[in-house]
Amino acid sequence: LENLQPEIKKLAERLRYEVSVRGKQVGWSEKAARFHFKKNLRRIITELYVRDNCHPFKATLLVWVQLPMWVCVSLALRNCSVGATDPKVQEEFSEGGALWFTDLTAPDSTWILPVSLGLVNLLIVEV
């Protein structure tokens, strides 16, 4: 979107000139000229968004997907840590792992999960 701003500015100046000339030829009022300018500028900007495949909604799409996921994961982790006061739950966490992390109460000594989580978050931010 930022890369399109200089092009949009040039096109807006040209459109302003064309609407001004056309308005004088046809006899539009200032309000009618402004209406035609805004309508055509919206059309031009939409065409640029389609051409470069960069609609502003796409920038917020990731947030709308990631935000509910973050809330769910945060609540699940909170419930696990708060609900882990019962000795039975502690025992289940110490026996309930998989692959290289068989004890969920011990820190990951191989750093595979923290590093992979960091890389996935970096990928999400960069995308």
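Out of region 92-127, which residues are touching a Cys at 6+ places or on another chain (Cβ under 9 Å) and aliphatic (A, V, I, L, M)? Break it down stepwise before answering.
The initial filter retains those residues of region 92-127 that are touching a Cys at 6+ places or on another chain (Cβ under 9 Å), namely 93, 104.
Result: 104, single match.
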Condition first: closer than 30 Å to residue 126 by Cβ, in contact with a Leu (Cβ under 6 Å, 6 or more places away or on another chain) and surrounded by 10 or more Cβ atoms within 10 Å (Cβ to Cβ). Can you find one or more residues in region 4-17 that meet it?
yes
I'd like the residue in region 69-127 that is closer than 28 Å to residue 58 by Cα and open to solvent by 100 Å² or more (accessible area, probe 1.4 Å) and, out of all such residues, is modelled with the highest pLDDT.
119
Any residue in region 86-100 that is over 23 Å from residue 110 (Cβ atoms) sitting within a Cβ distance under 8 Å of a residue that is open to solvent by less than 100 Å² (accessible area, probe 1.4 Å)? List the pairs, counting only those 6 or more apart or interchain.
89/83
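When you check residue 32 against the structure, is it at pLDDT below 80 and aliphatic (A, V, I, L, M), yes or no?
Details: at pLDDT below 80: no; aliphatic (A, V, I, L, M): yes.
In short, no.
Report, by residue number, each residue of region 23-43 that is in a helix (DSSP H, G or I) and either surrounded by fewer than 13 Cβ atoms within 10 Å (Cβ to Cβ) or touching a Pro at 6+ places or on another chain (Cβ under 8 Å) (or both).
From region 23-43, those in a helix (DSSP H, G or I) are 23-26, 30-43; that's our starting set.
Answer for region 23-43, where residues must be in a helix (DSSP H, G or I) and either surrounded by fewer than 13 Cβ atoms within 10 Å (Cβ to Cβ) or touching a Pro at 6+ places or on another chain (Cβ under 8 Å) (or both): 24, 25, 26, 30, 31, 38, 39, 42, 43.
The values are calculated or read from the model by the stated rules, or taken from the named source; none is laboratory data. These numbers come from a predicted model, not from an experiment. Reconstructed Cβ throughout: ideal geometry from the backbone, glycine too, with neighbour counts over all protein chains shown. Calculation scope for accessible area: heavy atoms of the full protein, side chains included, ligands and nucleic acids excluded. Shrake-Rupley method; radii C 1.70, N 1.55, O 1.52, S 1.80 Å.
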